[in-house]
Amino acid sequence: METKIRQTHADLIKAIAEIAATMPLARTVQLYHFALFLKTHPLPAEETFEEIAADEARWDTQFASTDDSKLAALVAAVEVEINEGKVVPMFDEQGNFIEHS
């Protein structure tokens, strides 16, 4: 889903609620905790919405120019690590962040 910059606050709240309604409960809890994180970590005062949109556009351009074969190789390598049990989860079943030492 592509986010339109000109969406109203109410439109975004409705869209988020619609997305959450389609998720399993565990994912909805994760979304809730992420929203709480965002609420407690506001954007720096000097960063405007327009600057964020421009940064997102730069990321989109960079991603579009990514070599698909290199990206596919990276994904395959990560999948091997996951299948071999070489990774640890970031979140528990309730969606809480797990700190690993």
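Bear in mind that the values in this text are calculations on the coordinates, not laboratory data. Just so it is clear, the structure is predicted and the values come from calculations on it, not from any experiment. Cβ sites come from the backbone with ideal geometry, for glycine too, and all protein chains shown count toward neighbours.
Annotation for the chain: trypsin sites (Lys or Arg not before Pro) lying in DSSP loop with at most 11 further Cβ atoms inside 10 Å of their Cβ are LYS4, ARG6, LYS86.
Projected over every direction and averaged, the convex hull enclosing the alpha-carbon atoms of the range 9-83 yields 7.8 nm². Since only ALA21, ALA72, ALA53 are under comparison, the one whose Cα sits farthest along the positive direction of the charge dipole of the chain, derived from C-beta charges on Lys, Arg, Asp and Glu, is ALA21. Label-to-label distance, GLU93 versus ASP60, with points set 7 angstrom from Cα along the beta-carbon direction: 4.0 nm.
Within the listed set ALA73, ALA53, ALA21, the residue fluctuating most in the Gaussian network model of the chain (springs between alpha-carbon atoms under 10 angstrom) is ALA73.
For LEU25, the shell of other residues with beta-carbons less than 15 Å away shows a net charge of -1, using +1 for Lys and Arg and -1 for Asp and Glu. The order of ASP55, ASP67, going from fewest to most other C-beta atoms within 10 Å of their C-beta, is ASP67, ASP55.
Taking the Cα centre of the range 9-83 as the origin, how large is its charge dipole in debye, to the nearest 20, when only Lys and Arg (+1) and Asp and Glu (-1) carry charge on their Cβ atoms?
Numbers: 5 positive and 13 negative charges, 87 e Å.
Computed about the Cα centre, the dipole is about 420 debye.
Candidate cross-link partners of LYS14 among the aspartates and glutamates, defined by an alpha-carbon separation under 16 Å and a same-chain spacing of 8 or more, comprise GLU2.
Between GLU51 and GLU18, what is the FRET efficiency for a Förster distance of 25 Å, r being their Cβ-Cβ separation, to the nearest 0.05? List each step's numbers first, then the result.
Working: r = 28 Å, r/R0 = 1.12.
Here the calculated transfer efficiency is 0.35.
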